[in-house]
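> Take this structure first; my questions come after.
The values are calculated or read from the model by the stated rules, or taken from the named source; none is laboratory data. Everything numeric here is computed off the predicted structure, so don't read it as measured data. Note: ideal-geometry Cβ built from the backbone for every residue, glycine included; neighbour counts use all protein chains shown. The accessibility values were calculated without ligands, DNA or RNA, using every heavy atom of the protein model including side chains. Shrake-Rupley method; radii C 1.70, N 1.55, O 1.52, S 1.80 Å.
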Amino acid sequence: MFENLSDKLQRSFKTLRGQGTITDENVSDALREIRLALLESDVNLEVVKSLMERIREQAMGARVATALSPSEQIVKIVADELTNVLGKDTARFKFASQPPTVILMAGLQGSGKTTTSGKLAQWLKKGGHRPMLVSVDVYRPAAREQLAIVARATGANLYEGKLDPGTTPGTPEVLRLAKEARRDAANFGCDILIVDTAGRLGIDTALMDEMSELKKLLNPSEILFVADAMTGQDAVNSAKAFNDLLAITGAVLTKMDGDARGGAALSIRQVTGAPIKFLGTGEKPDAFEAFHPDRIVSRIMG
Ligand code: GDP
């Protein structure tokens, strides 16, 4: 997904290659190209601005003789700054001191929440855990059925619960299901409860109120915002809105196998302060990996 950005950055570094010294002029040319490469890759404007400021500052200070050539110096500065934007270390997953650890999945409809809940369950199972899945989407019966299919595919436990026909869907029902699921997880010796929540097409007050109530009730160790990488800046904006309300603990970027330009990946952490923890790389349950910032930077830098 970073091919385009990577190509463009390579081209800007080439501008400097073969130049004996860094001058204001050749640095400015290269920096202009780097800025354009980031913007064309759909990186958030504020993120580009602060990134370029730091790169410029260091590039201008980098003229003192070192063993590195000018282009090597700029490559190093850009790589270091991209690493700063993404976070230096692979983010850790938090567990509760008293099981079950609750993971609240948040995000808009279609972002990949249900698929990711299943992937996460499988990943945790591989790590020796006993996860349980629950869908508290009482609005779309198909959503609960979809999670049941995902649970079967991954062999994870599922709390189905009952929705009495005729009950009005809404927050009290959502909270009842969540509470029952947590009790069920504890009773069945499941150390983790993954709560798949209702998505909406956009952010609305009812959705946000419900998410806040769920957070209050469940005291989750992780609130993972699931973002569709293909939606670029929209993903970043909704990450910000969810974070303002819920203080997310991390993000999962889905559809990284698509041809998204990578801007969301490079912006979410800076905009929310929360690290990207996982990547979704396909529709299958095992198309899922922990996010390693250094590997992404290497991919971008080519
Ligand atoms: P939800 O509405 O947020 O629960 O989203 P779903 O889990 O139903 O996912 C929406 C669509 O995106 C489905 O067709 C999934 O198969 C697909 N999807 C989810 N994650 C990925 C991914 O990492 N890569 C690809 N290519 N498709 C994905």
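> Of everything in the stretch 232-256, what is within 14 Å of the ligand (Cβ to nearest atom) and in contact (Cβ under 8 Å) with a residue 40 or more places away in the chain? Give them in sequence order.
Ala235, Ser238, Phe242, Val252, Thr254, Lys255, Met256
> Based on this model, can you work out whether Phe225 counts as aromatic (Phe, Trp, Tyr), out of contact with any helix residue (DSSP H, G or I) (no Cβ under 6 Å at 6 or more places or on another chain) and either within 13 Å of the ligand (Cβ to nearest atom) or in a loop (DSSP other than H, G, I, E, B) (or both)?
No: the conditions fail for Phe225.
> Give the residue that is surrounded by the most Cβ atoms within 10 Å (Cβ to Cβ), with candidates limited to residues of the stretch 81-113 that are among the hydroxyl-bearing types (Ser, Thr, Tyr) and not in a helix (DSSP H, G or I).
Ser111
> Could you tell me whether Val150 is within 22 Å of Asp286 (Cβ to Cβ) and among the aliphatic types (A, V, I, L, M)?
So Val150 fits the description; yes.
> Go through the stretch 119-147 and give me each residue that's more than 8 Å from the ligand (Cβ to nearest atom) and among the small types (Gly, Ala, Ser).
Ala121, Gly127, Gly128, Ser135, Ala142 - these are the residues of the stretch 119-147 that are more than 8 Å from the ligand (Cβ to nearest atom) and among the small types (Gly, Ala, Ser).
One line per residue, one yes/no per condition, for (1) open to solvent by less than 30 Å² (accessible area, probe 1.4 Å); (2) within 16 Å of the ligand (Cβ to nearest atom); (3) over 14 Å from Leu120 (Cβ atoms):
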position: Ile203; (1), (2), (3): no, yes, yes
position: Glu213; (1), (2), (3): no, no, yes
position: Ser221; (1), (2), (3): yes, no, no
position: Met230; (1), (2), (3): no, yes, yes
position: Phe291; (1), (2), (3): yes, yes, no
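> Restricting the stretch 132-157 to residues that are open to solvent by less than 40 Å² (accessible area, probe 1.4 Å) and in a strand (DSSP E or B), which is nearest to Gly112 (Cα to Cα)?
Going through the qualifying residues, I end up with Ser135.
> Can you work out which of the residues in the stretch 158-185 that are open to solvent by 60 Å² or more (accessible area, probe 1.4 Å) and at pLDDT 85 or above is nearest to Lys119 (Cα to Cα)?
Selected residue: Glu160.
> Still on this structure, I have one more. Restricting attention to the stretch 241-259, does a residue exist that is within 13 Å of the chain's Cα centre (by Cα) and more than 27 Å from Pro100 (Cβ to Cβ)?
yes
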